[in-house]
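Right, one structure below, let's go through it.
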Amino acid sequence: MKRDRNTLEAILQFRGGSLQIFGDWFGRPSDNQHVPESVKMDGNRLTITFTGGEHLSIDNPKGITVSDKKMVVKHADKVRWEWFYYGRPKLPENLFYLEYDFVSKKEVVGSTNIDWYQHPFNVNASAPAVRMQ
């Protein structure tokens, strides 16, 4: 991604939405509202921090489109979503992540440190790396 100030500013104007990574929903569809608070580009990594303290890191993002109602990143090599377990103190032991590595046009591999259930990683390598609306 070019270090396009307009794109970074547009992300901050996005009013937030539910998160889908390679077709895999974080929570139930349309159940969460994540609103961007800050955004930065460091090398090839785009990092968005949300008002709930969540972080979305996107490595080598390509094809970013943003409106006030929707944000899409068409492709990325890796996407990582981090959040503190909701309702618990923001301590290291309460920090969880879902990570998605794009391997090929047919494969995305997921990993997590979630310990209270088996995350199914319902991914689709042809879906956008990130979709929020």
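The values are calculated or read from the model by the stated rules, or taken from the named source; none is laboratory data. Computed from a predicted structure; not experimentally measured. Neighbour counts run over all protein chains shown; Cβ positions are idealised from the backbone, glycine included.
Data table
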item	result
Filtered residues of the stretch 57-114 (kept if among the basic types (Lys, Arg) and closer than 21 Å to ASN44 by Cα)	LYS62, LYS74, LYS78, ARG80, LYS105
Meets criteria (free of Cβ contacts under 8 Å to residues at least 60 places away in the same chain and in contact with a Lys or Arg (Cβ under 7 Å, 6 or more places away or on another chain)) for HIS55	no
Residues of the stretch 104-129 that turn out to be more than 24 Å from THR65 (Cβ to Cβ), β-branched (Val, Ile, Thr) and part of a strand (DSSP E or B), as a count	2
Flag if VAL72 is touching a Lys or Arg at 6+ places or on another chain (Cβ under 8 Å) and either without any contact (Cβ under 8 Å) to a residue 12 or more places away in the chain or not in a loop (DSSP other than H, G, I, E, B) (or both)	yes
Identity of the residue in the stretch 86-123, of a type in the set (Phe, Trp, Tyr) and either touching a Ser or Thr at 6+ places or on another chain (Cβ under 7 Å) or modelled with pLDDT of 95 or more (or both), that ends up surrounded by the fewest Cβ atoms within 10 Å (Cβ to Cβ)	TYR97
ALA125 being in contact (Cβ under 8 Å) with a residue 40 or more places away in the chain and more than 22 Å from LEU8 (Cβ to Cβ)	yes
Matching residues, the stretch 1-12, being in a loop (DSSP other than H, G, I, E, B) and loosely packed, with under 14 Cβ neighbours inside 10 Å	LYS2, ARG3, ASP4
Qualifying residue in the stretch 83-104 (condition: touching a residue at least 24 places away in the same chain (Cβ under 8 Å) and small (Gly, Ala, Ser))	no
